[in-house]
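Novice: Here it is, the structure in full.
Values in this text are rule-based calculations from the coordinates and carry no lab data. Just so it is clear, the structure is predicted and the values come from calculations on it, not from any experiment. Virtual Cβ from ideal backbone geometry, glycine too; neighbours counted across all protein chains shown.
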Ligand SMILES: [Zn+2]
């Protein structure tokens with residue numbers, strides 16, 4: 001555990017995949033600490049947290065989950081049990097959390113969806129299996145207190161930051177932004193289109209980055225990597241990055257209809273492991289859908305699936 005300013009403490013937890021770690025934060029308050037994010041529910045998550053919290057002066061008063069991705073929500077139920085603290089999670093985010101991790105045939109939904117977007121059957125199998133490896137490490141807390149954007153948590157304001165996840169929430173107070181995976185230093189947060197999600201995640205993300213600039217925070221605390229001393233500049237860099245990627249995506253289209261799977265090759269290269277290809281397809285789609293909304297690509301859906309061409 002280390003201090004990152006303003007009395008805030010950071011706990012760094014291991015991840016078996018890149019980037020190899022995830023941060024949780026402890027925000028100080030009069031009635032105890034607000035713990036933001038929980039790490040992956042690895043088999044030893046509870047013991048690890050017990051030892052992390054051992055020397056902490058005061059109790060954990062509440063737990064906030066910023067979004068439902070495995071490395072943020074995974075150990076929520078362990079922590080609730082360990083600390084006795086209530087868990088709060090965004091309303092939309094919890095809905096998606098329960099949908100994806102809560103026993104729906106999500107693998108079946110993904111198979112249909114990858115198929116719709118041109119992924120060959122044998123590759124689809126690999127991509128869907130990649131998602132299922134996380135399932136044993138997710139113990140989310142059922143029936144959390146539901147947060148909406150604009151709500152306050154012990155003086156911190158919840159700000160919607162959709163894009164990386166539809167229901168991603170950040171917390172802001174006194175110029176400090178607890179950014180989770182909305183803003184990362186050096187790494188570009190993934191912005192993918194997934195089934196049963198909002199239709200234009202990249203458009204959402206670009207808007208959310210503009211909102212971040214208006215917050216004019218002096219420090220952002222991300223879910224991965226080091227604190228970001230100038231969040232507005234980082235937000236502008238990420239906006240520029242996605243405008244570049246949109247141009248590259250547009251250039252990959254022509255008269256011949258191409259699926260998101262096809263286009264993911266010129267965008268992300270030929271040589272990707274299944275886990276990376278899975279994100280590449282979703283990320284390609286978020287860019288293709290944005291281009292369609294801007295009139296820079298044409299989307300066609302027929303019984304063979306969804307393809308895109310240049311508008312002319
Ligand atoms: Zn995430």
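Novice: Taking the chain as the region of interest, what is the percent of Cα-Cα pairs per 20 angstrom bin, listed from the shortest bin to the one with the maximum distance?
Specialist: 33, 56, 11, 0
Novice: Roughly what percent of Cα-Cα pairs across the stretch 140-285 reach past 19 Å?
Specialist: Taking all Cα-Cα pairs of the stretch 140-285, the fraction more than 19 Å apart is 56 percent.
Novice: Compute the acute angle (0 to 90°) between the alpha-carbon long axis of helix 106-116 and the principal axis of greatest extent of the alpha-carbon atoms of the chain; round to the nearest 10°.
Specialist: Approximately 30 degrees, to the nearest ten.
Novice: Of the residues 110, 56, 171, which exhibits the maximal mean-square fluctuation in a Gaussian network model of the chain defined by a 10 Å Cα contact cut-off?
Specialist: Judging by the Gaussian network model, the answer is 56.
Novice: How would you order 300-306, 29-35, 286-292 from highest to lowest mean count of nearby Cβ atoms within 10 Å? It would help to have the intermediate numbers written out before the result.
Specialist: Details: 300-306: 11.1, 29-35: 18.1, 286-292: 23.9.
Ranking, from highest mean packing down: 286-292, 29-35, 300-306.
Novice: Where is the GNM fluctuation largest for the chain (alpha-carbon springs, 10 angstrom cutoff): 65, 100, 109?
Specialist: 109
Novice: Then there is this: Roughly speaking, what is the centre-to-centre gap between the stretch 11-59 and the stretch 73-136 when only Cα atoms are used, to the nearest Å?
Specialist: Each part reduced to its Cα centre gives a spacing of 21 Å.
Novice: A further question follows. Mind ordering 234-242, 19-27 by average Cβ neighbours within 10 Å, highest first?
Specialist: 19-27, 234-242
Novice: Another question, then. Using helices alone, I'd like the mean residue ellipticity at 222 nm for the chain: each DSSP H run of four-plus residues gives -39500 (n - 2.57), total over residue count, nearest 500.
Specialist: Dividing the helical sum by the residues of the chain leaves -12000 deg cm²/dmol.
Novice: A further question follows. Let me know the Kirkwood hydrodynamic radius for the stretch 39-195, please, with Cα pairs as the basis and the value in Å to one decimal.
Specialist: Kirkwood radius, the stretch 39-195: 16.9 Å.
Novice: Tell me, how many Å apart are the Cα centres for the stretch 230-277 and for the stretch 209-225?
Specialist: A separation of 23 Å, based on Cα centres.
Novice: Restricting to Cα pairs below 8 Å that are 6+ residues apart, what does the relative contact order work out to for the stretch 1-132? Please round to a whole percent.
Specialist: Numbers: 189 pairs, mean separation 21.6, N = 132.
Dividing the mean separation by the residue count of the stretch 1-132 yields 16 percent.
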